[in-house]
Structure formats: C-alpha cells, structure tokens
Amino acid sequence: MKALVIDDSRAMRMMLRRIVSQQGFDVVEAGNGQEALDEIDSTGAPDLCLIDWNMPVMNGLEFVQAVRARTDARQITLMMVTTESENSQIVRALAAGAHEYLIKPFTADALVDKLSMLGLSA
Amino acid sequence: MSTSVSVEDFTFVAAYLREKSAISIGPGKEYLVESRLASVARETGYDDVTALIRALRQPIPNPEVGLAVVEAMTTNETSFFRDHHPFEVMRVQLLPEVISRNAMQRRLSVWSAASSTGQELYSIAMLLDTHFPELAAWNVTLHGTDLSTEVVAKANSGRFSPLEVNRGLSAPMLVKYFERQGAAYHIDERLRRWCRFQQMNLATSWPPMQQFDIVFCRNVLIYFDLPVRQQILERIRKSLVPGGYLVLGTAESTVGVVEGYTAVRHGQTTLFKTV
C-alpha cells in the first residue's frame, strides 16, 4: 500500500512517514496540494493521502476537491490532518470528500486508530 | 520519539511482556513501545529506549526497571469505541436480542464497570442513539463506575480534549455528538444526562445496585490476582439479569476462573452470558 503525506512542514511529514511506515505503507511526500497532484500524475494514485489544511500554492481542502473531481483517483482514502478543529471546518472537509479527520496535535495511537477504522492498518 | 525500536528489540519486549503480564503486542505496535518506553527511559536515567531495552536484556536486569516497563506497557488506555469489534457485536447481536427480550418492560440497563474518563459509556450512548432511536421512549440506565474520584468527575463533566476526541471517534460522530467550546469538546447534553458515573472500588465491598442487562468490564481484571478476580466475576454475575451479558477485554475470560457464565463467540469478541 502507498501513502502520500502532504504537509508544508518537513518535521510533520517525517513524523507521519514514520507512523504510517510502521503500518506497512510505502510513503511518498509532497509539500502542498499542487505538488501532491503532480506526484499522483507521475507515480499514480496512492491508497491513502494524509492532508494538512493550510499550505501554500494549493491548500488541503482545494486538494481534496481536485482529487474528487478526477475519475482516476476515486479509490484514494483521504484523511485531513490539521490544526483546524471547528466543527464547521470538519463538516466542510467531509462534504468536499474527505473520509476522515485528525486534529493536530495528535498521538501515534490516534492516527493508527483512524487507519484501523478505515481498514488500513497493519 | 527520537529513537526507532529495532525489530530485534521489539520482539524482545513483546516476549518479555508476554512472559511477565500475559499481554501480547503484535506487529505494527512498534510506535507503542517507542512512545510508552520513552518516558520510562527518561525517568530511569537511560539515554533512550534502545539503552533501556539493552539494560532489560541483561542476564539479571534491574527488577525496578522491568516493573516500570511492564507498567508502562500495560497501563489501561482508553478511547472512544475502543477495539471497535465489541461495539459492532453489541450493535448487530447483543442489543437486538436484549431489546426484543425487554420490549414489554421497555427497560435497558448497561454498566461500564471500569469506566475511566467515560469514553466507553459515552460510546455506548452514541451507539444507542444512532442505531436504536426507539430507545428514546424507554427507561435506559447507563451507569459508569471507576476507582478514581478524579476520573469520575471528569467523566461526569462530558468534556474532552482534542487529543481525546481524536481517539476512536469517526469524524461524522465527532461533529454529530460534540460541540467545541474553547479548547474542549463537550458531548451532547442529552447524552451526558443519560450517563451517570460514580466512584466505586471493584475489589472492596459494593454498594447496593440494580441489575443490569449488559456489563462491560474490560482490561481491568488483569490487575487483580485470582481470588479477587473470582470474587469480582461472581459479583458481576449476581448483578446481571438471567441471560445478561458480560463483555471482557480481548485477553480476558471467565473460563477456568468462575462458573455460571457461558462463553459465546462472535468473531474477535467473546461475550459471557449468565446461565
């Protein structure tokens, strides 16, 4: 299984990479939504995207909308991983097509729980 | 989490825990070893988790370090819908049976016997509200007890941190049942009023209690020796209606401990039904 970690913080990408690697994923990274779309174009659709909300160039919500508009990427599981934690924002992300939502800061256990709920853990 | 646990170290810790506490941790839990043992390493004066495990692998390890490792790895953690599968069995199997049985009296009672900060009982409340709306017209008792007065007060408050609502709650459930107020998430007031938490020590004398249709007592019996475990299971049996159900932790069982229960297996979950 392949995971695409999308966050403009290198430290956050490294942390997410470690947790999902332990769950058996091969991990690729992108620093914003546009880079992530380019990555999908060049290497194909991953099984899972972990998506920050606030990023330069293309934010996480715009990325979710862009992915949902593509016919070749419908099977990707999309999880927001963000500090944005108002109910209205969670509802917006789900309405745009995100499957799950993890609020920063989070523990490794919480992310593994969410993957398990989505049927994606080791 | 500055160090990574090697495969060899992880295998050693898993075998050590199995030997010392009969608790098993499988592949994919490396992060758990890292995160739990990082604080033990700090507190016991080792540079990192690798150094701590190296010390544990000595022919005669320091018993205090061994104990600290076992405690850190077995400390009862809690989350909403913990382990998922018991709640699925409850939704598909257990509740339809009990609801049908109690249809005349319109009464349902559930006890979370080691309720910690309330996630288990509130998960049951969310499950009832989502899947069994007819229960709104029933007399439903959702009772929680815990040893610690402090955690009972927190459970009764119905307030959870972002870290806590991240654990086990799906995003749709979070927005349906919680409202953000400042830094905390408040559970829906209707559900909060449904659940009542009280302090109680399972290992000493019990206050008079009603009888329950379902009792959850997960991952707590492992902390007691056999005679106390027997006593608790016997008292729970008396607190259950005939044909009532006990839900234990994955590694726990009444079999070979006490009489009066029949084990009923549903996939990964075993229910213990009173005879």
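The values are calculated or read from the model by the stated rules, or taken from the named source; none is laboratory data. Remember, predicted model here, so these are calculated numbers, not experimental data. Quick reminder, even Gly has a Cβ in these numbers, built from the backbone with ideal geometry, and neighbours come from all protein chains shown.
Put simply, of A:ASP113, A:ASP109, A:ASP41, A:ASP52 the only residue that is away from chain B (no Cβ under 14 Å) and buried (at least 19 other Cβ atoms within 10 Å of the Cβ) is A:ASP52. Taking region B:24-73 as the region of interest, how many residues are under 19 Å from B:ILE222 (Cα atoms), away from chain A (no Cβ under 14 Å) and surrounded by fewer than 19 Cβ atoms within 10 Å (Cβ to Cβ)? Qualifying residue count for the region: 5.
Quick grid of which residues meet (1) under 25 Å from B:GLU164 (Cβ atoms); (2) free of Cβ contacts under 8 Å to residues at least 24 places away in the same chain; (3) away from chain B (no Cβ under 14 Å); (4) of a type in the set (Asp, Glu):
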position: A:ASP7; (1), (2), (3), (4): yes, no, yes, yes
position: A:GLY24; (1), (2), (3), (4): no, no, no, no
position: A:GLY31; (1), (2), (3), (4): no, no, yes, no
position: A:GLN65; (1), (2), (3), (4): no, no, yes, no
position: A:ASP72; (1), (2), (3), (4): no, no, yes, yes
position: A:THR77; (1), (2), (3), (4): yes, no, no, no
position: A:VAL91; (1), (2), (3), (4): yes, yes, no, no
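Residues that are of a type outside the set (Lys, Arg) and either at pLDDT below 95 or part of a loop (DSSP other than H, G, I, E, B) (or both) within region B:215-229 comprise B:ASN219, B:VAL220, B:LEU221, B:ILE222, B:TYR223, B:PHE224, B:ASP225, B:LEU226, B:PRO227, B:VAL228, listed in sequence order. Of the residues that sit in region B:251-275 and are surrounded by 15 or more Cβ atoms within 10 Å (Cβ to Cβ) and among the charged types (D, E, K, R), which one is nearest to the chain's Cα centre (by Cα)? Only one residue tops the list, namely B:GLU252.
For region B:140-173, a tally of residues being crowded, with 21+ Cβ neighbours inside 10 Å, farther than 12 Å from B:TYR122 by Cα and more than 15 Å from the chain's Cα centre (by Cα) returns 2. Where strands (runs of 3 or more DSSP E) fall wholly inside region A:1-116, no range has 3 or more residues that are of a type in the set (Gly, Ala, Ser) and touching an Asp or Glu at 6+ places or on another chain (Cβ under 8 Å). Across region B:131-152, the qualifying residues are those that are in contact (Cβ under 8 Å) with a residue 24 or more places away in the chain and of a type in the set (A, V, I, L, M), and the one among them that is farthest from the other protein chains (Cβ to nearest Cβ) is B:ALA137. Here B:ALA15 fulfils each of the conditions (1) surrounded by fewer than 17 Cβ atoms within 10 Å (Cβ to Cβ); (2) modelled with pLDDT of 80 or more; (3) under 29 Å from B:TYR245 (Cβ atoms) apart from (3). Inspection of region B:90-98 finds a residue satisfying the criterion of being touching a residue at least 12 places away in the same chain (Cβ under 8 Å), among the polar types (S, T, N, Q) and outside any strand (DSSP E or B). Of all the numbered requirements in (1) under 24 Å from B:LEU95 (Cβ atoms); (2) surrounded by 15 or more Cβ atoms within 10 Å (Cβ to Cβ), B:LYS238 misses one, and that requirement is (2).
Picking from residues in region B:132-183 that are over 24 Å from A:VAL112 (Cα atoms), of a type in the set (Val, Ile, Thr) and part of a helix (DSSP H, G or I), the one that is modelled with the highest pLDDT is B:VAL152.
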